[in-house]
Every structure is written in C-alpha cells, then in structure tokens.
Protein chains: 2
Amino acid sequence: MDSGRSVRVTIDDVARAAGVSRQTVSRAMNDKGDISEATRRRVLATIEELDYRPSAFARGMRTQRAGTVALVLPDIANPFFPAVARGVFDAAAARGLAVVVHNTDADAGAEAEAGRAIVDAGAAGAIGFFEALDDPALAALGRRVPLVVADRPAPDGAVATVRADFRTGTRLACEHLTSRGHARLGMLDGAVENKPERRRAFLETNPDDHVVAAPPTVAGGAAALRSLLARHPGITGVFAFNDLLAIGAVQALRAAGRRAGEQIGVVGYDDITMAALLDPPLTTVHTDKYELGRTLVEVLAHRLDGHPAEHRVLAPRLVVRGSA
Amino acid sequence: MDSGRSVRVTIDDVARAAGVSRQTVSRAMNDKGDISEATRRRVLATIEELDYRPSAFARGMRTQRAGTVALVLPDIANPFFPAVARGVFDAAAARGLAVVVHNTDADAGAEAEAGRAIVDAGAAGAIGFFEALDDPALAALGRRVPLVVADRPAPDGAVATVRADFRTGTRLACEHLTSRGHARLGMLDGAVENKPERRRAFLETNPDDHVVAAPPTVAGGAAALRSLLARHPGITGVFAFNDLLAIGAVQALRAAGRRAGEQIGVVGYDDITMAALLDPPLTTVHTDKYELGRTLVEVLAHRLDGHPAEHRVLAPRLVVRGSA
DNA sequence: CCAGCTAACGATAACGTTCACGGGAACCTT
DNA sequence: AAGGTTCCCGTGAACGTTATCGTTAGCTGG
C-alpha cells in the first residue's frame with residue numbers, strides 16, 4: 001500500500017540521515033576524492049537504506065551527459081541486426097548504460113535526424129551503422145559526442161571503428177567455391193552505398209561483368225540470379241553480398257528446377273539465423289554479430305574513459321553447409 | 001569549423017531575441033494557452049532561427065518526465081520481436097519519443113530491474129512483454145509509470161493491454177489441420193509461464209495427453225516432436241506454440257525421412273520472417289507484429305493523453321503454405 | 001612555536017526549464 | 001462609470017545535482 005504521495009528521496013535526505021553535507025554524498029557516489037573511507041562507507045550504507053536513486057535529470061543538467069547511449073542502425077527488422085543489438089544491449093547493461101535505438105532505413109536525412117536527437121538527448125555516446133551520411137557530417141557528430149561507427153572507415157581521428165574483415169571473408173567464400181570445382185564465379189552484389197569491400201575483393205580474381213547488383217533482399221537475390229545466369233550461363237558458383245540475396249538465389253534456382261549445392265554452388269554472407277534452417281542449409285561467411293555488438297560497446301566505453309579512438313577488425317569464418 | 005566553444009542556446013536567449021519573457025517562450029513551445037497567435041508565431045520563428053533545442057534534462061527536472069518510452073521484451077534476437085520493435089520505434093518516432101530497450105530473457109529479476117531502471121530514468125511510459133513478473137509487481141510498476149502490457153491480462157485497472165487473440169488463432173490452425181484430413185492432432189506447447197491460451201484452446205477439441213511441452217526453440221521443437229510421435233504414432237497433424245517449435249518439428253520429420261505437408265501436417269504460430277522461406281514453407285498463424293508494435297505505442301499515447309486504459313485485441317490470420 | 005601544507009568536509013552557486021502567481025490592459029456588463 | 005472578466009504576459013521560485021571555492025583540523029618541517 002503505497003502511502004499515496006510518493007515523495008522522492010533526494011541527496012539532501014541522504015545527507016541529513018548520514019549527518020554530512022550533500023556534497024559529501026555526491027563524492028561518495030561518484031568515487032571522487034576528498035572523502036575518507038569511513039564516511040564513504042557510511043554514506044553508501046545510508047543510500048542503500050533509504051533506497052535513494054539519484055535523479056538522472058538533475059545529474060544530467062549539471063554534467064550535460066546522461067547514462068544512455070544511442071544505437072543507430074538501418075532497420076532492426078533486418079535479420080542481421082537483432083543479434084548485434086543484443087550484444088550492444090548486454091554489454092551496455094553490464095556497464096549500467098541504457099540504450100536508445102534509432103532506425104534510419106539507411107536514409108541520410110534520417111541518419112542526420114538521429115544524430116540531432118542524440119546530441120539533444122545528451123547521450124553519453126553513440127554507436128552507429130551509418131550507411132548514407134557523408135564523412136563530414138559524421139565527423140561533426142563525432143565532435144559532439146563520443147562515437148564509434150561500424151563497418152565503415154573513420155571519417156575523423158576522434159571516431160572509433162569496428163569493422164568486419166570483408167576482404168578476407170570474400171576470399172574465403174571464393175576459394176571455397178573454387179575448391180568445389182566451380183571455375184566460373186558470379187557475384188550478387190548489394191546495391192548499397194559505401195559497401196564496396198566485398199565487390200572489390202571479388203573483382204581481384206574475377207571479371208568485372210560477372211557482378212550484378214540488386215537490392216539486398218530475397219526478391220533482389222532471385223532477380224539478380226536470373227539476370228546473372230542469363231548473361232553468363234556458364235557460371236556455376238555464386239557469391240552473394242549477404243544471406244538475403246543468397247536465399248533469393250537459392251529460391252530462383254529451385255524455381256528453375258535446379259538445386260543449390262549440386263550443379264551450382266551458392267555462398268552467402270553474414271550467417272543470419274535462418275541460414276542454418278533452410279533447405280539446403282546455406283553455406284555462408286559467418287561474422288559474430290553478438291560479438292560485434294559487444295565490441296562496439298567495449299570500444300565506446302574505452303573511449304568514454306578518455307582513451308584515444310580504437311580501430312578493431314573482426315575476423316570472418318566460413319561455415320560450410322549444404323548450398324555449396 | 002565549429003568556433004571552439006559551442007555554448008548552448010537557452011530559452012533565455014530566445015526570449016531576449018524575441019523580446020518576450022522566457023515563460024512566453026515556454027508557452028509557445030508547449031502549446032499552452034495564454035499566448036496570442038501573433039507572438040506565438042514570432043517566438044517559434046526565433047526558435048527556428050537560433051536553432052534552439054530545449055534541454056531535455058532541465059525539462060525533465062521540472063516535469064519529472066522525459067520524452068522517452070521504454071520497451072521491455074525477453075530477447076530482441078528472438079525472431080518474433082524485431083518486427084514488433086520496429087513498429088514501436090516507428091510509431092514512437094512519429095510522436096517524437098525515443099525508445100530505450102530492455103532485454104530480460106523472461107527472467108523475473110531482470111524484469112523487475114528493468115522496471116526500476118524505467119522509473120529511475122523518468123520514462124514517459126513503458127511498453128512491456130513481461131513474462132515472469134507477477135501481477136502485484138506489474139501493477140506496482142503501472143502505478144509509477146503509464147504502462148501497456150502485451151499478450152497478458154491487465155493486473156490492474158490502470159494498465160492498458162494489447163493482446164493477440166490466441167484462442168481464435170489456435171482454432172484456425174486446428175480446423176485447418178482437420179480439414180486437411182488429419183484426424184488426430186498433437187500440440188507442441190511452449191514451456192513458458194503465463195501463456196496458456198493456445199494450449200487451452202487446443203484442449204477444447206483435443207485430449208490432454210496429446211500436448212507435449214518444450215522450450216520454444218528449434219531444438220525444443222525437434223525433441224518435442226519425437227517424444228510426441230513416440231507416445232502417439234497415430235498423430236498426423238501437429239500444431240506448435242510458435243514457429244520455432246514448428247521448424248524444429250519439420251526438421252525432426254525430415255531427419256526421420258518424412259516430409260511435413262505430405263503424410264503429416266505442421267502448423268506454426270507467429271509467421272516469423274523465415275517461415276515463408278523454408279522448405280516446405282511453413283503454414284502458420286500470422287499475427288501482424290509490426291502492427292502490434294504500432295498499436296502498443298498508440299495505446300500508450302492515448303493513455304499519456306489522460307484517457308483511461310484501453311484493451312485491444314489483434315485478430316490472427318491463417319497463412320496456408322506448404323507444411324500443412 | 002609558527003608558517004605552510006594537506007586531507008576532509010561544507011556552503012554557495014549554478015545548470016535550463018516549467019509552475020504558481022500576479023498584474024496590466026482591453027473588453028463587457030449593469 | 002464602476003466593477004467584473006478575459007486575455008496576455010512577466011516575475012520569482014523551485015526541481016536535484018555537481019563545480020568551485022572556502023574553511024577547519026591536523027600534521028610537517030625548521
């Protein structure tokens with residue numbers, strides 16, 4: 001039975017109860033100096049006893065920084081992101097940080113708007129999959145809030161990065177296809193900006209016109225495969241920009257009476273959850289999405305502690321299943 | 001080139017520039033009364049001109065309420081939730097609300113902790129898939145912050161609800177299986193608390209021992225199907241608590257040399273993205289997850305406007321594909 | 001024994017809003 | 001014409017922290 005008026009316990013209440021000033025309470029909470037170990041413990045005990053929770057607003061007002069980090073990504077419903085997000089959430093929660101999510105649909109306007117919202121909210125830091133924003137804008141954001149960007153080069157010395165090694169991943173995929181006897185390889189590239197690594201790596205060992213671009217969706221993959229095969233009927237190995245495209249390719253193949261993994265090999269990228277559950281199960285380049293999320297937070301936290309911007313690279317791993 | 005010291009534009013700056021008091025500026029922003037249309041427009045213009053953004057901290061300090069809502073769910077990586085979350089994000093963004101996400105893994109302790117964090121952060125409202133928290137605790141949370149719970153009865157007159165009509169959905173599934181000639185039906189129930197509707201609806205027309213419970217995962221589904229068939233070899237129609245279980249069942253069937261949709265029918269629940277991409281594609285009860293997310297926010301917003309708690313029910317729809 | 005230092009703590013002043021008032025001018029009402 | 005409303009708008013205070021600076025007691029060194 002709450003006694004009606006639920007009045008807030010303030011720092012002054014704690015100070016009174018502990019017989020100190022509120023400044024001392026503040027010192028005890030924030031591990032600042034100028035406080036003896038004895039009173040520190042006593043204050044902490046009274047805080048516990050009164051169940052005092054500092055007001056995030058009042059604190060933020062002074063410090064201009066909230067205990068919250070922003071996660072901006074194109075679309076949480078895209079199967080690649082939930083696992084990443086979970087990694088971010090877990091690592092952030094372990095550090096007492098709340099996470100607010102911004103979906104942008106890879107639209108430059110939405111990404112900019114998210115950036116504004118982030119600085120307005122006084123977020124402690126931001127983690128972002130920015131796909132459309134140009135470097136100057138990104139650098140500007142990085143100047144206003146500690147920032148770590150994923151899968152993209154740093155626009156500025158101040159912003160940290162975590163990247164998957166797409167070049168190695170692509171090589172792994174191509175070499176596997178070759179080792180399975182597929183001499184002529186084609187690629188289903190995602191028609192997205194700022195993601196040239198996979199295509200570039202593919203082109204290191206394959207001709208230019210063996211690449212066809214499409215929206216990185218299942219439907220896009222089906223269409224792209226048909227157009228690829230129409231152009232080059234001799235192709236028997238297909239590398240896709242991501243699993244969605246690869247799944248579309250597998251489906252188009254089935255519709256044409258062919259089965260991936262037999263006459264023709266298909267390799268995807270990302271290893272999203274459903275890849276293992278399909279028939280045939282998808283051979284794909286696995287990137288540890290959960291680990292990516294955790295790493296992003298780790299790098300951000302490191303930055304928050306005043307260290308210079310880090311740049312990490314996550315290694316890919318080929319998962320061989322039925323489709324190639 | 002930012003001119004170094006980026007000083008904040010405050011409400012006083014706007015007031016000065018517009019030749020009014022800060023209270024008038026506040027009135028203009030918040031659509032309060034006691035202001036003439038002329039000065040309102042003038043103030044709004046100066047706000048635009050100075051690119052003034054009110055401090056969320058200062059505002060929250062007075063109002064004790066931030067422009068942020070919480071979304072509590074078991075696991076964003078569970079394929080059911082990303083689409084829901086996207087609906088929540090979009091609807092919230094349309095209302096200028098930020099969303100912070102809390103993953104709980106359906107653990108009572110984590111759910112309680114999320115509740116604490118929510119009131120500490122002064123969230124404007126909360127949306128939750130609470131699976132473990134008991135009613136009193138949920139009601140207590142609902143007393144501290146406007147709350148709408150999903151897929152669960154209201155613990156209290158103050159908390160709003162949005163629910164999927166599981167009874168109808170289950171009936172749709174069972175009737176479809178029956179109409180396909182499957183006389184004996186079994187059910188793969190999810191071994192989760194507080195979700196008895198599907199099982200109850202199934203038991204209305206089927207015997208008790210045709211239900212076997214398992215963790216709502218692919219692996220759980222495979223195991224559950226084997227145990228179900230071991231007990232009742234005559235069963236030819238299987239209804240699963242969710243798609244993950246159904247997928248596991250389909251896989252176990254395949255491993256046993258049988259194919260879902262031919263001798264034996266399998267119907268899932270939820271229609272997660274991958275359901276349509278499997279082979280055979282999964283027949284399942286579709287609930288519009290994106291719409292669920294949107295509705296949750298809508299109901300919360302309605303509550304935030306001071307209206308009494310609503311209780312909405314979302315209708316299911318059977319999607320017939322290959323597995324039954 | 002005193003100047004000088006340090007450790008530990010307190011008092012005051014912000015931070016930027018909104019709330020509760022109060023007040024003047026214009027407009028009615030009788 | 002006096003009193004009452006209504007419409008606008010401004011003034012002070014308060015929300016709960018932390019930064020800055022001041023103060024006191026105890027200690028050190030000469």
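Looking only at the range A:76-97, decide whether some residue is within 16 Å of DNA strand D (Cβ to nearest atom) and over 16 Å from the mean Cα position of the chain (by Cα). If you could, list the steps in order and put the result at the bottom.
In the first step, residues of the range A:76-97 are kept if they are within 16 Å of DNA strand D (Cβ to nearest atom); the result is A:96-97.
Next, only the ones that are over 16 Å from the mean Cα position of the chain (by Cα) stay: A:96-97.
The answer is yes; a qualifying residue exists.
Looking at the range A:92-123, which of the residues that are open to solvent by less than 10 Å² (accessible area, probe 1.4 Å) and in contact (Cβ under 8 Å) with a residue 60 or more places away in the chain is farthest from the other protein chains (Cβ to nearest Cβ)? My answer is A:A92. Look at (1) more than 14 Å from chain A (Cβ to nearest Cβ); (2) within 16 Å of DNA strand C (Cβ to nearest atom); (3) without any contact (Cβ under 8 Å) to a residue 40 or more places away in the chain and you find that B:L50 fails only one, number (3). Is it the case that B:L318 is touching a residue at least 24 places away in the same chain (Cβ under 8 Å) and more than 19 Å from B:P153 (Cα to Cα)? When the stated conditions are applied, B:L318 passes them. Of all residues in the range A:212-234, those satisfying the criterion of being surrounded by fewer than 20 Cβ atoms within 10 Å (Cβ to Cβ) and in contact with a Gly (Cβ under 9 Å, 6 or more places away or on another chain) are A:A213, A:P215, A:T217, A:A219, A:A223, A:R231, A:H232.
Is it the case that B:E204 is farther than 25 Å from B:V84 by Cα, at pLDDT below 95 and open to solvent by 20 Å² or more (accessible area, probe 1.4 Å)? Judged against the criteria, B:E204 is not a match. Taking the residues in the range A:28-42 that are of a type in the set (D, E, K, R) and within 11 Å of DNA strand D (Cβ to nearest atom) as candidates, determine which candidate is farthest from the chain's Cα centre (by Cα). In this case the residue turns out to be A:D34.
For A:A45, are the conditions met, namely being touching a residue at least 60 places away in the same chain (Cβ under 8 Å) and away from DNA strand D (no atom under 12 Å from the Cβ)?
Details: touching a residue at least 60 places away in the same chain (Cβ under 8 Å): no; away from DNA strand D (no atom under 12 Å from the Cβ): yes.
It is false that A:A45 is touching a residue at least 60 places away in the same chain (Cβ under 8 Å) and away from DNA strand D (no atom under 12 Å from the Cβ).
The residue that is farthest from B:D75 (Cα to Cα), among those in the range A:281-296 that are open to solvent by less than 10 Å² (accessible area, probe 1.4 Å) and among the β-branched types (V, I, T), is A:T283.
So, in the range B:235-261, exactly how many residues are out of contact with any His (no Cβ under 6 Å at 6 or more places or on another chain), assigned to a loop (DSSP other than H, G, I, E, B) and open to solvent by 20 Å² or more (accessible area, probe 1.4 Å)? Full working, then the answer.
Residues of the range B:235-261 that are out of contact with any His (no Cβ under 6 Å at 6 or more places or on another chain), as a first pass: B:235, B:238-261.
From what is left, the residues that are assigned to a loop (DSSP other than H, G, I, E, B) are B:235, B:241-242, B:256-259, B:261.
The next check asks that each one be open to solvent by 20 Å² or more (accessible area, probe 1.4 Å); those that pass are B:256-259, B:261.
Number of matching residues: 5.
Could you say whether any residue in the range A:134-145 is touching a residue at least 40 places away in the same chain (Cβ under 8 Å), more than 13 Å from chain B (Cβ to nearest Cβ) and not in a loop (DSSP other than H, G, I, E, B)? No: zero hits. Annotation: of all residues in the range A:60-74 being modelled with pLDDT of 95 or more and more than 9 Å from chain B (Cβ to nearest Cβ), the one that is farthest from B:D120 (Cα to Cα) is A:P74.
Against the numbered list (1) of a type outside the set (D, E, K, R); (2) facing chain A (nearest Cβ under 7 Å); (3) touching a His at 6+ places or on another chain (Cβ under 8 Å), B:A83 comes up short only at (3). Checking every residue in the range A:9-21 against the condition of being closer than 17 Å to B:H102 by Cβ and away from DNA strand C (no atom under 16 Å from the Cβ) gives zero matches. When A:R27, A:R41, A:R8 are checked against the criterion of being at pLDDT 90 or above and surrounded by fewer than 16 Cβ atoms within 10 Å (Cβ to Cβ), a single residue qualifies: A:R41.
Hey, among the residues in the range A:53-72 that are at negative phi and within 12 Å of DNA strand C (Cβ to nearest atom), which one's surrounded by the fewest Cβ atoms within 10 Å (Cβ to Cβ)? Even if it seems obvious, please write down each step before you answer.
Of the residues in the range A:53-72, the ones at negative phi are A:53-63, A:65-72.
Filter once more, so that each one left must be within 12 Å of DNA strand C (Cβ to nearest atom): A:55, A:57-63.
Values: A:S55: 19, A:F57: 22, A:A58: 15, A:R59: 19, A:G60: 23, A:M61: 17, A:R62: 9, A:T63: 13.
Selected residue: A:R62.
Evaluated against (1) open to solvent by 20 Å² or more (accessible area, probe 1.4 Å); (2) among the small types (G, A, S); (3) at pLDDT 95 or above, A:G169 falls short on exactly one condition, (1).
Select from the range B:297-324 the residues that are surrounded by 21 or more Cβ atoms within 10 Å (Cβ to Cβ) and within 25 Å of B:R171 (Cβ to Cβ) and list them in ascending order. Break it down stepwise before answering.
First pass over the range B:297-324, keeping only residues surrounded by 21 or more Cβ atoms within 10 Å (Cβ to Cβ): B:297, B:299-300, B:316, B:323-324.
The answer is B:P316, B:S323, B:A324.
Of the residues making up the range B:262-272, just one is in contact (Cβ under 8 Å) with a residue 24 or more places away in the chain, outside any strand (DSSP E or B) and closer than 10 Å to B:T236 by Cα, namely B:Q263.
The values are calculated or read from the model by the stated rules, or taken from the named source; none is laboratory data. Predicted model, so just to flag it, every value in this text is computed and none were measured. As a convention, Cβ positions derive from the backbone with ideal geometry for all residues, glycine included, and neighbour counts pool all protein chains shown. Note: areas computed on protein heavy atoms with side chains; ligands, DNA, RNA excluded. Shrake-Rupley method; radii C 1.70, N 1.55, O 1.52, S 1.80 Å.
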